[in-house]
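The values are calculated or read from the model by the stated rules, or taken from the named source; none is laboratory data. From a predicted model like this one, the values you see are computed outputs, not experimental measurements. Note that each Cβ is placed from the backbone with ideal geometry, even for glycine, and that neighbours are counted across all protein chains shown. When the accessible area is computed, the model is the full protein with side chains, heavy atoms only, and any ligands, DNA or RNA have been set aside. Shrake-Rupley method; radii C 1.70, N 1.55, O 1.52, S 1.80 Å.
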Amino acid sequence: SIASADMDSNQLEAFLTAQTKKQGGITSDQAAVIAKFWKNHRTKIHESLINRSRWDNVLKSMNWRVDLKSQSRHIDQINTPVAIVEMELGKSGQ
């Protein structure tokens, strides 16, 4: 919960206080150790979660355009915009 929310010091303190007050929760000593660990390794943990959530592919290029219908069997379909998007994906680092 702490890592996925990327908690700042105030959020962390409130969360750990709530955990110590829960039945079967953590002790205040455990909360202190967790807080110290999070403060020392927050950036590394956050970057690791971001890297694990990425796909292997990256967006290499993207082209798009908007077309309008100029002819149709039904008058209400004329000038209806249609977006066309072309994306090229590639492996990360290539």
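Out of the residues in the stretch 1-26 meeting the condition of being among the polar types (S, T, N, Q) and assigned to a helix (DSSP H, G or I), tell me which one is nearest to ARG52 (Cα to Cα).
Among residues in the stretch 1-26 that are among the polar types (S, T, N, Q) and assigned to a helix (DSSP H, G or I), the one nearest to ARG52 (Cα to Cα) is SER4.
Annotation: of all residues in the stretch 42-63 being assigned to a loop (DSSP other than H, G, I, E, B) and not hydrophobic (A, V, I, L, M, F, W, C), the one that is least open to solvent (accessible area, probe 1.4 Å) is ASP56.
Looking only at residues of the stretch 64-75 that are within 40 Å of the chain's Cα centre (by Cα) and loosely packed, with under 10 Cβ neighbours inside 10 Å, we find that the one that is farthest from GLY90 (Cα to Cα) is LEU68. Among the numbered conditions (1) under 22 Å from the mean Cα position of the chain (by Cα); (2) of a type in the set (Phe, Trp, Tyr); (3) open to solvent by 100 Å² or more (accessible area, probe 1.4 Å), tell me where PHE15 comes up short. In the conditions (1) under 22 Å from the mean Cα position of the chain (by Cα); (2) of a type in the set (Phe, Trp, Tyr); (3) open to solvent by 100 Å² or more (accessible area, probe 1.4 Å), PHE15 misses (3) alone.
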